[in-house]
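Here's the structure we're looking at; comments come further down.
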Number of protein chains: 2
Amino acid sequence: MESIDTELANKIRKDVILGTYDDGARLSEAQLCDTYGVSRTPVRLALRLLEREGILRRAEGRGYVVHSPTVQDILQAVQVRGHLESLAARLMAQSSGRHNRLPTLEAAIDEIDKFIRAGNLDDASLRKLQQQNAVFHKTILDGCGNDFVGYTCDQISHMPMLESGSMVFDKQVLSTSEGIQRSLFRLKLGNSQHKVIFEAIQKGDAVRAEAMMREHSNTMVEYIEVFEKRNAELTLTDLISYSGINLDQDASGTDEAE
Amino acid sequence: MESIDTELANKIRKDVILGTYDDGARLSEAQLCDTYGVSRTPVRLALRLLEREGILRRAEGRGYVVHSPTVQDILQAVQVRGHLESLAARLMAQSSGRHNRLPTLEAAIDEIDKFIRAGNLDDASLRKLQQQNAVFHKTILDGCGNDFVGYTCDQISHMPMLESGSMVFDKQVLSTSEGIQRSLFRLKLGNSQHKVIFEAIQKGDAVRAEAMMREHSNTMVEYIEVFEKRNAELTLTDLISYSGINLDQDASGTDEAE
DNA sequence: ATCTCCTTCTTGGGATCCCAAGGTGAAAGG
DNA sequence: CCTTTCACCTTGGGATCCCAAGAAGGAGAT
């Protein structure tokens, strides 16, 4: 069981993303106490958390104000994360042999392959895909030998909203069979990049591991950019619905076996 | 004026680093309340902060335990920071012309040059050097266009203890005139790297800017490694005394003019 | 002497109260 | 009608109290 302030933060985050509070709206502590039925102590802790996440901005003397992230914000966060992942991939390749993560990586790749071959991208499958994708990325981040890399990644603003190595799916694209084909192509591309990264790490080719992880990350960034241009009118909520954004915070599929 | 919890965190951090509390010692809330004369509320906030910084570890059910960073920890933190700085340098080079940071960078380089030419490495000069060094690095981090880069850097564990782009000075090295010559050489090397980075950013050569910043960071990491090997018996406090670790938290020399 | 159980203390986490400082809006006065 | 002032409210930040759950240590039983 999570403590109340974390749960409260989750609730407020959800409400902000779902549009219950308008962008720029002031969040009064008293009102939040009332709405969620708790005292000011946890409310203020939650507000602090959400400020660090970047969802809220502090307005000195006037409390907190909603600052829902733009697609641009998410792009920048993903860029930083990708860069850190490329460091992790390099370090993991360098320390190849001193860790025991290769089977985990290979299993995740195989799992993703299985979903791609099955070819159906319903909600349940997508969630499983997300999860395996997260396993792949998280394994590299947490197993690279530098403990700060994974930790730092989690500290990036807006990242608590995003699953590891967030994959974005476009609702509208998925609604057509041609769109599904395109998404499948993208997944195939992504997983082939996973394989290349895996092999580089396995061989201890640090330079290649880093370069390939960077390419993988860039592919993601480019996809979001295309997505944004094509759907300028789409709200963040729409993007989030089919991206890796975790509104429930319960599906912590990546239990690290130490 | 800072709020009490932050000040308290500063005090506890200082005490931990200076060795008032042994590594592994338990910090009792009641005891801290007593020692610093405040109530549990700010104490617990401070403990939370210090846990995020990595100075304390939470011992579930048994409060917090001192976990003073090893040289290895600091090395890893610097590695992550360096990697993020290389991203920042690349981005800044890419957006060359859309920002106005070049004069700041050039001024910092010139200032550092001035100190090197003066050739005296007394405490006051070292502090000023640190400060200008911090300006150079922070300007790139904060002015690269991706706001998450600088923010994320500040979130790295142990980083609140370190000045931006921490430069390490070895007390023992500085005690001999030959040692001072070596330190001056290192400073010269570092600042020549600064110049190369600056020129790459100015020319918009993103690849070179990133590569050179990486080299700069590696130089730093290597220096710390040499330092560690040579002075295995040196305590962290010794390292900290002449590194960029900020015990007072008052000398915030890098006021960002927005 | 060892094991078990019970008491006690600490931690974790909230609720409530408190106070100072700064913002806001309404009323009074020009 | 505009300005100024003042009362009121909100926020920021602590102190104090409270309670449940778990750790630690001591007493009693085997």
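The figures follow:
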| read-out | value |
| --- | --- |
| Ascending list, in nanometres, of distances separating the residue B:119 label from those of the other copies (7 Å, Cα toward Cβ) | 7.9 |
| Efficiency of FRET from Cβ geometry, residue A:147 and residue B:147, R₀ 25 Å, rounded to 0.05 | 0.50 |
| Proximal lysines relative to residue A:128, as straight alpha-carbon distance under 27 Å, when same-chain residues fewer than 8 apart are discounted | A:11, A:14, A:114, A:138, A:171, A:188, A:195 |
| Those residues of segment B:117-160 for which accessible area with every protein chain present is at least 30 Å² below the isolated value (1.4 Å probe) | B:146, B:148, B:151, B:152, B:155, B:157 |
| Two-site label geometry, residue A:127 and residue B:184: point separation in nm, points 7 Å out along Cα→Cβ | 6.8 |
| Inter-copy separations for residue A:176, label at 7 Å along Cα-Cβ, nm, ascending | 7.5 |
| Spin-label model distance (nm) - residue A:65 vs residue B:229, 7 Å beyond Cα toward Cβ | 5.4 |
| Cα pair distances exceeding 28 angstrom across segment A:1-151, given as percent | 43 |
| Residues of segment B:75-116 buried by at least 30 Å² on assembly (accessible area, 1.4 Å probe, chain alone as reference) | B:76, B:79, B:80, B:83, B:84, B:87, B:90 |
| For residue B:65, inter-copy label distances in nm, listed shortest first [label point 7 Å out on the Cα-Cβ vector] | 4.5 |
| Minimum Cβ-to-axis distance in chain A for the rotation onto chain B, with residue, whole Å | A:155, 2 |
| Debye-sum result for segment B:4-66 in log10 I(q)/I(0), which assumes one identical scatterer on each alpha carbon, at q = 0.15, 0.19, 0.22 Å⁻¹ | -0.36, -0.60, -0.83 |
| Area hidden from solvent between B and A (accessible, protein heavy atoms only, 1.4 Å, total, Å²) | 2400 |
| Segment A:4-66, relative contact order [Cα under 8 Å, separation at least 6], % | 43 |
| Probe 1.4 Å, protein heavy atoms only - accessible area per residue of segment A:1-157 in square angstrom | 45 |
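The values are calculated or read from the model by the stated rules, or taken from the named source; none is laboratory data. Everything numeric here is computed off the predicted structure, so don't read it as measured data. Virtual Cβ from ideal backbone geometry, glycine too; neighbours counted across all protein chains shown. Accessible surface is based on the protein model in full, side chains and every heavy atom, while ligands, DNA and RNA are left aside. Shrake-Rupley method; radii C 1.70, N 1.55, O 1.52, S 1.80 Å.
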